[in-house]
Amino acid sequence: MTNNFALNDKISLRQVQILLILGIFGFGVTSLPRRVAEFAGQDGWLGVLLATLTALVLVWIITNVTKMHTGITFYDFACKTLTRPVGVVVCLFLIARLVLLAAFNLRIFAEITQSILLPTTPFWIVFAAMLVLAGFGASKGMEARARLAEILILIALVPLIIVFVISSRDIDFTNLLPIFNAPLENVGRAGYAALFAFNGLDMLLLISPFLARPKKLTKSAGGAVLTMGGLMVAITAVTIARFGAGNIARHTWPVLRMMDTAAMPGAIIDRQGALIMTFWIISAYAIINAALFFSSLLLKNIVGKGNHSRYIIICLPIIAIIAALPDNLTQVYNYFSRYNNIFGVGAMVILPIILLIIGKIRGVKNA
Amino acid sequence: MKISTNLDENIEYLENLFADSGDLVKRKFPIGTSRRRWAYVIYLDGMTDRGVVEQTILPRLMASSPKTPEAFFHEPISLLETLKDGGMTTADLREETDMDNIVHMILSGDTAMLLDGDCAGILIATRGWPNRGVPETSVEVVVQGSNEAFSEVMRFNTALLRRRVKDTNLKIKQSNVGRRTKTDIAVCYMEDVVRPEVLAEVEQRLANITIDGILDAGALEELIEEDTNSPFPQCQITERPDKAASGIMEGRVAILVDNSPTAILVPATMNSFFQASEDYSQGWEIMSFTRILRFAAAFFALALPGLYIAITTFHPNMLPTLLAFKMAAAREAIPIPAVLEILIMEFAFELLREAGIRLPRPVGSSIGIIGGLIVGEAAVAAGIVSPLVVIVVALTGIASFAIPNYAIVSAFRICKFLIIALAATLGLLGFWIALITILIHLASMKTFGLPYLFPFASGDVNGYTDFKDSLFRAPMAFMKKRPIYANPNQQNRQQPPNNLGNPHVKE
Amino acid sequence: MRNKKFALKFVAISAVSLALLTFNWDRVEMENRAFVVVMGIEAGEGDKTSFSVYLSVVDAPALENGGEDAPKLLYQAEGASLSHALSQAGGGMSDRLYYGHTKAIVIHKDALENPRMVREIADTLSQKGEINIRTIVMATDKPVSEILQTKPKGGNLLGTYLSNYFGGDGANVASLAIKADLEGFDASLRRDGTAVLPKITLEGGGDGKEINIGGIFALKNFAYIDSIPEELLAGQIWVKENAGGMELVLDDHTALQIIRSRPKITFAMGGDNLICHVKIQATGNLVGLHSLRNNSELNADFTKKIESQITTTHGLFQYMGVDGLMLTETLHKKYPNIPLQPIEKITIIPEIHLEIKAHGS
């Protein structure tokens, strides 16, 4: 049965925006202030600003590639533009990127959970709980994911923003002084580090078969990136102001630490770390769910048969094993930055540019 | 099977079918005094208004009656035509040539008359049986507004709807379901406002039912639901005609089932279960407040016990210091873990609720007093449960009563236990995992093609106008559009007076 | 077939959930937690390099019997390292020590005199996730155990009393001290090895002992160097924050209550010296008896008083070489090229604009 509003497996642009924000924002922001302050000190927020502008350009490139293949899957498009073997390789690359992204997020999520919620619960329980949840969500298909995201974003962002506002009341903003002090090169490096707060933008490449109105994709995805960028700049600035650029390195997840210890008026809740975990649980769910969904979809396209839930079940243990590999958090972040340099840049920058250029040259049009 | 021209053959057939039916009344009699033409009248006692049969139909045909028209005795005028045209003083009769239909109508309370030499019978609508009239609402009670409720007689129910919507576009399509019970059902909708695809879906699902019997609307509901494994209701059951009428006006489809004092309204989104008919008869400020209260109540009914367990046993640093100390002190003498404490109290509460329903009404309130006050007090005094748990469980129970729909509350009650189990295992992480699981389920659900969580999800489809009647109720003047149920061509609920025109013409 | 599958699913789910329900790594019932409200740290009795910790614990049985008035339990343990001492304190208990509601940490002077111990305290406690980094840190020269057992004025629970003391009404009026929390303590030690802790002492003796907060202990090079009594601390309030509520009394007993004040700090170079201009806008009311003296005279007297308070406090901090007025930090924020190091000499020039609104009754 068809409706003029809720076609099966078609989502609206608003839903695309919400999926993007929910999937990308949460995990990007946890360690962002620390990473940018490492390079640019109190001017770290400038790096985030730079990263946002870069992300906007990337979104323009990616969405233009997406618009080249409205109605057909990315796999078909890649095969058409780059010949079949190369297309398969590209898809495998993206699968690897997504699976690894999910694994990193899962591990970091488990670490955060351990430090704030459940200090002695073993990792595998958290892994299992989160993966089963994300797999269950992914098996319900794109439409359900989009609708769920609309609900979750309210649940996630409202407490986050309330606590954020409260925690920014008693902050010494002179910690941000002096402005524009960091050398341009350092701001650039901070910007590069901050770009990976937008990890996952490349999922826009895969979204085309689900779009009800693909034409305005660039504008709405850009809007979503701008919103995220604005929030990230604000949070980075406030966090740096709260701890000072020098001290921020002491906190692995400065944003969490800041919100955990904000003094709540009226003392309804003594410490809101557990409350703020709501946001991180939902964010972790969103990105792992997205990565699972798209990687299973790509796998299904490559193999060419079966239901995509079957491929989700294949991905789950792989993600869990990869997530369990690093010994400690330092190693996780080391691997993560190496991963970003290869897979992050590859999937978000190089691949879309290549596809855009070859697509334009070969004049690949909609099916 | 076609009706035979031979009256005796027909009689034999019918009497075979109705053998051993003590409530059957039948008589073969000659028409007029000439004894040349015979008729056979058959009906079920108790299902029929005997007065109509005995006093307005038979007297005109029986031999002794002087009123019998002369024409009856002259060949070759069709007796059937004559009877239809002037022989009977009732408007509601029709000709029927199929024996199965005749049998069905007899079983429904009509009177059948078969005539010698005609291959058609006459069906006279004489339905009339004992009933309790138009009852008062007992479940969906309101403070202000109509107190009429649907009754078991479908005809009354359609009348209740018709009285509220005097528009020829209100269609009441009757059919029957159940191979054996042949239960009458009526599909009621506004022809021009309903979404055609929803109507088609409803009709198709009704046609697909192959069950032998339907005895209540609830049974039918389960048969036409999309996801029968979900505890959440996907059809709205109401006993209030005004609610059904307002649903129909919004473009929804109401299904009336004979012998069932309720109507099924579809599609039913989550939001619709939080709307009560009272919401529109009082000020929007008060009712917006009430709506928010109801959603909060839903959260409490679903999540409060789980949240209590997660916070007290895993994250007491969330509590204000002095409260944490008080809670620790209250729990000191309790021998069982907090989870079990909650589960025991929840179990006791569910027991009370179930017992309260079964008991006769005058006794029902006393079980509340015994159960709630005395047992609760005693349990605390005996040191089996802590007073805070009693508060939490009682609050959960009260919250569940604040939601206007019983079916959705039952769903929350079930899901509550999932949340309790996971919260007791993984604290707040478990709490959220359980909650997100439930949300995934809800988000993947559809009710007759509409997203179940509309307008909280997919609300942008009609520009978020449905939000005006969700978490709060906007003033009537602002609610210019019909909700999502309506046909997209019929979005406007309010029109300027010069456009009104003939109300019976499609807008 | 379908039913069999369903039954299988059902059994599997129930089995998993039952198994899950028996897991309880982090589940601790409320009554099994011993809430540490105040933590006291001393140097060990015999071995001055070891730690001796005192934990003022609110335990459920105590509360059950007498509510808040119940005697608080005091646990004591010694250990070579702080974390060792802490785990010793929790040993042998049926309940789990819980630091989620720890309100204050009181450190004895002995422990503060040892740089290694100061570092260890700051490090261990600020990294212990369970403890809120906003927990108040105080210093004392009286036995910690006595302080922890003293009932504060007006309140029953020492921990909440102390944590409300600085946040609550009129904190900086009753006595003068500088608030220090775990985070600030740790951060300033890391910056330049100095720190300032408020001082908590006991007054009176026997049963009439009372908690008194006032004055500060200053730390330099990770160790205690000196303390400043509260009378000489007024200047830091003028320079660092709003002095609203403070009362100034002249020699002739004329009293002025400050309504609000606002400092503004600028720097300049005067020869070799760094000069710090502190511009303060203040308003106040005369309280008590009507003064016979005229307004401008009074104004000048009070201004002089404030100026002397500021220079006194500043002088003391300069003498000790501690950045108690946070001048170096402010300077660094304005001129980031100047490194964050204690500057030998800063001359402070107060510039007071006092406005007296009401002239007494």
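For residues that are crowded, with 18+ Cβ neighbours inside 10 Å and not in a loop (DSSP other than H, G, I, E, B), tally how many sit in the stretch B:440-480.
Qualifying residue count for the region: 17.
Here are the criteria: (1) touching a Leu at 6+ places or on another chain (Cβ under 9 Å); (2) surrounded by fewer than 16 Cβ atoms within 10 Å (Cβ to Cβ). Tell me which single one B:L161 does not satisfy.
(2)
How about the stretch B:422-472: which of its residues are touching an Asp or Glu at 6+ places or on another chain (Cβ under 7 Å), within 7 Å of chain A (Cβ to nearest Cβ) and closer than 15 Å to A:G137 by Cβ?
If the condition is that a residue be touching an Asp or Glu at 6+ places or on another chain (Cβ under 7 Å), within 7 Å of chain A (Cβ to nearest Cβ) and closer than 15 Å to A:G137 by Cβ, then B:A457 is the only one that fits.
Which of the residues that make up the stretch B:366-397 are exposed (fewer than 15 other Cβ atoms within 10 Å of the Cβ) and of a type in the set (S, T, N, Q)?
B:S366
Is it the case, given these coordinates, that C:A218 is within 19 Å of C:I343 (Cα to Cα), of a type outside the set (F, W, Y), surrounded by 23 or more Cβ atoms within 10 Å (Cβ to Cβ) and within 15 Å of the chain's Cα centre (by Cα)? So that I can check it myself, show each step before the final result.
Working: within 19 Å of C:I343 (Cα to Cα): yes; of a type outside the set (F, W, Y): yes; surrounded by 23 or more Cβ atoms within 10 Å (Cβ to Cβ): yes; within 15 Å of the chain's Cα centre (by Cα): yes.
Yes: the conditions hold for C:A218.
Provide a single number: the residues in the stretch A:183-212 that are within 24 Å of A:P33 (Cα to Cα), of a type outside the set (F, W, Y), part of a helix (DSSP H, G or I) and touching a residue at least 40 places away in the same chain (Cβ under 8 Å). Show your work before the answer.
Initially, the stretch A:183-212 is screened for residues within 24 Å of A:P33 (Cα to Cα), giving A:183-202.
Then keep just the ones that are of a type outside the set (F, W, Y); that gives A:183-191, A:193-195, A:197, A:199-202.
With part of a helix (DSSP H, G or I) added as a condition, the list becomes A:184-191, A:193-195, A:197, A:201-202.
Applying the additional criterion that residues be touching a residue at least 40 places away in the same chain (Cβ under 8 Å) yields A:186-191, A:193-195, A:197, A:201-202.
Count: 12.
Just one of C:A70, C:A77 is modelled with pLDDT under 75 and farther than 25 Å from B:L418 by Cα; which is it?
Of the residues listed, the single one that is modelled with pLDDT under 75 and farther than 25 Å from B:L418 by Cα is C:A70.
So for the stretch C:229-238 (the condition being modelled with pLDDT of 80 or more and surrounded by fewer than 21 Cβ atoms within 10 Å (Cβ to Cβ)), does at least one residue qualify?
Yes, the stretch C:229-238 contains a residue that is modelled with pLDDT of 80 or more and surrounded by fewer than 21 Cβ atoms within 10 Å (Cβ to Cβ).
So B:Q174 clears everything in (1) within 15 Å of B:S260 (Cβ to Cβ); (2) free of Cβ contacts under 8 Å to residues at least 24 places away in the same chain; (3) touching a helix residue (DSSP H, G or I) at 6+ places or on another chain (Cβ under 8 Å) except one condition, right? Which one?
Here B:Q174 meets the rest and fails (3).
Residue-by-condition table, conditions (1) closer than 29 Å to C:L189 by Cα; (2) assigned to a strand (DSSP E or B); (3) not hydroxyl-bearing (S, T, Y):
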| residue | (1), (2), (3) |
| --- | --- |
| C:L233 | yes, no, yes |
| C:G245 | no, no, yes |
| C:L256 | no, yes, yes |
| C:I259 | no, yes, yes |
| C:R262 | yes, yes, yes |
| C:L274 | yes, yes, yes |
| C:T283 | no, yes, no |
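Just name the residue that is surrounded by the fewest Cβ atoms within 10 Å (Cβ to Cβ) out of those in the stretch A:91-130 that are within 9 Å of another protein chain (Cβ to nearest Cβ), among the aliphatic types (A, V, I, L, M) and in contact (Cβ under 8 Å) with a residue 24 or more places away in the chain. Full working, then the answer.
First, the residues of the stretch A:91-130 that are within 9 Å of another protein chain (Cβ to nearest Cβ): A:113, A:115-122, A:125-126, A:129-130.
Filter again for among the aliphatic types (A, V, I, L, M), leaving A:116-118, A:125-126, A:129-130.
The next check asks that each one be in contact (Cβ under 8 Å) with a residue 24 or more places away in the chain; those that pass are A:116-117, A:130.
Numbers: A:I116: 22, A:L117: 24, A:M130: 27.
It comes out as A:I116.
Report yes if C:M326 is at pLDDT 75 or above, on the phi > 0 side of the Ramachandran plot, under 31 Å from the mean Cα position of the chain (by Cα) and of a type in the set (A, V, I, L, M, F, W, C), otherwise no.
yes
Given (1) at pLDDT below 90; (2) surrounded by fewer than 20 Cβ atoms within 10 Å (Cβ to Cβ), where does B:E285 come up short, assuming only one miss?
(1)
Return only the number of the condition from (1) surrounded by fewer than 21 Cβ atoms within 10 Å (Cβ to Cβ); (2) in contact (Cβ under 8 Å) with a residue 12 or more places away in the chain that C:Q127 does not satisfy.
Failed condition: (2).
Just to be sure before I move on: is B:L418 part of a helix (DSSP H, G or I) and in contact with a helix residue (DSSP H, G or I) (Cβ under 7 Å, 6 or more places away or on another chain) in the structure I sent? First the steps, then the outcome.
Working: part of a helix (DSSP H, G or I): yes; in contact with a helix residue (DSSP H, G or I) (Cβ under 7 Å, 6 or more places away or on another chain): yes.
Spelling it out, B:L418 is indeed part of a helix (DSSP H, G or I) and in contact with a helix residue (DSSP H, G or I) (Cβ under 7 Å, 6 or more places away or on another chain).
Quick one: which of A:I151, A:I166, A:I161 is modelled with pLDDT of 90 or more and either away from every other protein chain (no Cβ under 13 Å) or more than 19 Å from A:G229 (Cβ to Cβ) (or both)? Lay out the reasoning, then the answer.
Details: A:I166 fails: modelled with pLDDT of 90 or more; A:I161 fails: modelled with pLDDT of 90 or more.
Unique residue meeting the criteria: A:I151.
Among the residues of the stretch A:326-356, which ones are exposed (fewer than 12 other Cβ atoms within 10 Å of the Cβ) and farther than 20 Å from A:F198 by Cα?
A:D327, A:N328, A:T330
Specify the residue that is modelled with the highest pLDDT; the eligible residues are those in the stretch B:179-202 that are of a type outside the set (A, V, I, L, M, F, W, C) and either surrounded by 20 or more Cβ atoms within 10 Å (Cβ to Cβ) or in contact with a strand residue (DSSP E or B) (Cβ under 7 Å, 6 or more places away or on another chain) (or both).
First, the residues of the stretch B:179-202 that are of a type outside the set (A, V, I, L, M, F, W, C): B:179-184, B:189, B:191-192, B:195-197, B:201.
Checking which are either surrounded by 20 or more Cβ atoms within 10 Å (Cβ to Cβ) or in contact with a strand residue (DSSP E or B) (Cβ under 7 Å, 6 or more places away or on another chain) (or both) leaves us with B:182-184, B:189, B:191, B:195.
Details: B:K182: 87, B:T183: 89, B:D184: 89, B:Y189: 93, B:E191: 90, B:R195: 90.
That would be B:Y189.
Taking B:T396, is it in a helix (DSSP H, G or I) and within 11 Å of chain A (Cβ to nearest Cβ)? Give the steps one after another, and end with the answer.
Numbers: in a helix (DSSP H, G or I): yes; within 11 Å of chain A (Cβ to nearest Cβ): no.
For B:T396, the condition - in a helix (DSSP H, G or I) and within 11 Å of chain A (Cβ to nearest Cβ) - is not met.
Would you mind finding the one in B:G463, B:G397 that is of a type in the set (G, A, S) and not assigned by TED's automatic domain parsing to the domain that holds B:F295? Full working, then the answer.
Details: B:G397 fails: not assigned by TED's automatic domain parsing to the domain that holds B:F295.
Residue meeting the stated conditions: B:G463.
Just need a number here: residues in the stretch A:169-187 that are modelled with pLDDT of 80 or more and either over 22 Å from A:T52 (Cβ atoms) or buried (at least 16 other Cβ atoms within 10 Å of the Cβ) (or both).
2
When B:I334 is evaluated against the numbered criteria (1) surrounded by fewer than 20 Cβ atoms within 10 Å (Cβ to Cβ); (2) touching a Gly at 6+ places or on another chain (Cβ under 9 Å); (3) facing chain C (nearest Cβ under 10 Å); (4) part of a helix (DSSP H, G or I), which criterion, by number, is the only one it fails?
(4)
Just for strands (runs of 3 or more DSSP E) wholly inside the stretch B:46-159: which have at least 1 residues that are modelled with pLDDT of 80 or more, within 40 Å of the chain's Cα centre (by Cα) and of a type in the set (K, R)? Steps first, answer last, please.
Values: elements: B:93-96, B:111-115, B:121-124.
Qualifying strands (runs of 3 or more DSSP E): B:93-96.
The values are calculated or read from the model by the stated rules, or taken from the named source; none is laboratory data. Keep in mind that this is a model prediction, so the values were computed, not measured. All Cβ positions, glycine included, derive from the backbone under ideal geometry; neighbour counts span all protein chains shown.
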